[in-house]
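Colleague: Have a look at the structure that comes next, please.
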Amino acid sequence: MNISIFGLGYVGCVSGACLARNGHKVIGVDINQNKIDIINRGRSPVIEKDIDRIIKQVVRANKFVATRDFEKAVRNSDISMICVGTPSNDNGSLNLNHVKSVCAEIGVGLRKKNDYHVVAVRSTVLPGTVEQEIIPQLEKSSGKKASTNFGVCMNPEFMREGDSVYDFYHPPMIIIGELDKRSGDAVEKVYTNIDAPIIRTSIK
């Protein structure tokens, strides 16, 4: 599949590299030009066991490329995965500014795309965030309707720092919270080569 990864921090970088290693074509998107340059040189912007070697392999094989061009990334992928950080505010609540910004960018890309595109959220967010914040932002910036013109899923990650590559390939389970069956089917295809129980449920 063609997959775009929004956010090339810890989760995005490891997810993108491992998905590319599994045969998918991955486009990584970030606003940090330094991260983009490092990945396109076949190096990892994060310190993690095995990830440097994997990125070197998949970049050489033209399976993983990084860019700032979010519209092109959406246009040339079937699924966009949101992997940006959600740091804590001073009061302990989650800061969703990065998530909202990425949703606005993806929505702009969706506006010019006719094919059914699925947005999968891997960032850590509270129950209800996808329905109350993410879907409305995608609909507003795209001018389109979720489940009619594009799909949405919640696809949490279970990766531990230091063991994230191993954890990516050996998750305790794969959870797909789906807006509709079509969205869930698309995300399930992403994990075809990973042996783990698949749980498909509602987004919340």
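The values are calculated or read from the model by the stated rules, or taken from the named source; none is laboratory data. Owing to the predicted nature of the structure, the values given are computational and were not obtained by experimental measurement. Here the Cβ positions follow ideal geometry from the backbone for every residue, glycine too, while neighbour counts run over all protein chains shown. Quick note on the areas: whole protein, heavy atoms, side chains included, nothing else; ligands and nucleic acids left out. Shrake-Rupley method; radii C 1.70, N 1.55, O 1.52, S 1.80 Å.
Colleague: Of S77, S147, which has the most accessible area and how do the rest follow, probe 1.4 Å?
Modeller: Reading off the accessible areas and sorting them downward yields S147, S77.
Colleague: Using a simple charge model, +1 on the beta-carbon of Lys and Arg, -1 on the beta-carbon of Asp and Glu, nothing else, what dipole does segment 1-126 show about its Cα centre, in debye to the nearest 20?
Modeller: Here the size comes out at about 420 debye.
Colleague: 5 Å is the cut-off here: which amide hydrogens, built 1.01 Å from N in the peptide plane, fall below it relative to I176, excluding neighbours closer than 5 in sequence?
Modeller: Counting only residues 5 or more places away or on other chains, the set is I199, R200, T201.
Colleague: So what is the relative contact order for segment 1-64, in percent, with contacts set as C-alpha pairs under 8 Å and at least six apart?
Modeller: Relative contact order, segment 1-64: 35 percent.
Colleague: What is the chain's relative contact order, in percent, from Cα pairs under 8 angstrom and six or more apart in sequence?
Modeller: For the chain, the relative contact order is 19 percent.
Colleague: Just how much of K25 is accessible, in Å², when a 1.4 Å probe is used and the result is rounded to the nearest 10?
Modeller: Here the accessible area works out near 90 Å².
Colleague: Quick one: how many Å² of I38 are accessible to a 1.4 Å probe, rounded to 10?
Modeller: Here the residue's solvent-accessible area equals roughly 30 Å².
Colleague: Under the classification rounded if a/c is under 1.5, otherwise prolate if a/b is larger than b/c and oblate if not, where does the chain fall, given a ≥ b ≥ c as square roots of the Cα gyration tensor eigenvalues? Don't skip to the end; give the middle numbers.
Modeller: Numbers: a/c = 1.33, a/b = 1.27, b/c = 1.05.
Rounded shape, in that the Cα axes give a/c under 1.5.
Colleague: Would you work out the charge dipole size for segment 106-166 about its Cα centre, treating the Cβ of every Lys and Arg as +1 and the Cβ of every Asp and Glu as -1, and quote it to the nearest 20 debye? Provide the component values of the computation, followed by the final result.
Modeller: Values: 8 positive and 7 negative charges, 86 e Å.
Roughly 420 debye, rounded to the nearest 20.
Colleague: If you don't mind, there's one more thing I want to ask. Nearest 5 percent is fine: what portion of the DSSP beta bridges confined to the chain is antiparallel? Could the numbers behind the result be given before it?
Modeller: Numbers: 3 of 30 bridges.
For the chain, the DSSP antiparallel bridge percentage is about 10.
Colleague: How much of the accessible area of the chain, probe 1.4 Å, is carbon plus sulfur, in whole percent?
Modeller: Here it works out to 47 percent.
Colleague: Determine the order of R182, R21 by accessible area, beginning with the largest, at a probe radius of 1.4 Å.
Modeller: Sorted by accessible area, descending: R182, R21.
Colleague: Which of the listed residues, S80, G177, T201, is farthest toward the dipole's positive end in the chain, when Lys, Arg count +1 and Asp, Glu count -1 at the beta-carbon?
Modeller: The residue sitting farthest along the positive end of the dipole is S80.
Colleague: Using the heavy atoms of the protein chains and a 1.4 angstrom probe, tell me the accessible area per residue for segment 74-136 in square angstrom.
Modeller: I get 46 Å² per residue for segment 74-136.
Colleague: Classify segment 1-63 from the C-alpha gyration tensor, please: rounded if a/c falls under 1.5, else prolate or oblate depending on whether a/b exceeds b/c.
Modeller: Because its axes are fairly even, with a/c under 1.5, segment 1-63 counts as rounded.
Colleague: Under a GNM of the chain (C-alpha, springs under 10 Å), which listed residue has the highest mean-square fluctuation: N91, N32, N22?
Modeller: Judging by the Gaussian network model, the answer is N91.
Colleague: At 1.4 Å probe size, with no ligands or nucleic acids counted, give the accessible surface of T124 in Å², nearest ten.
Modeller: We get 90 Å² for T124.
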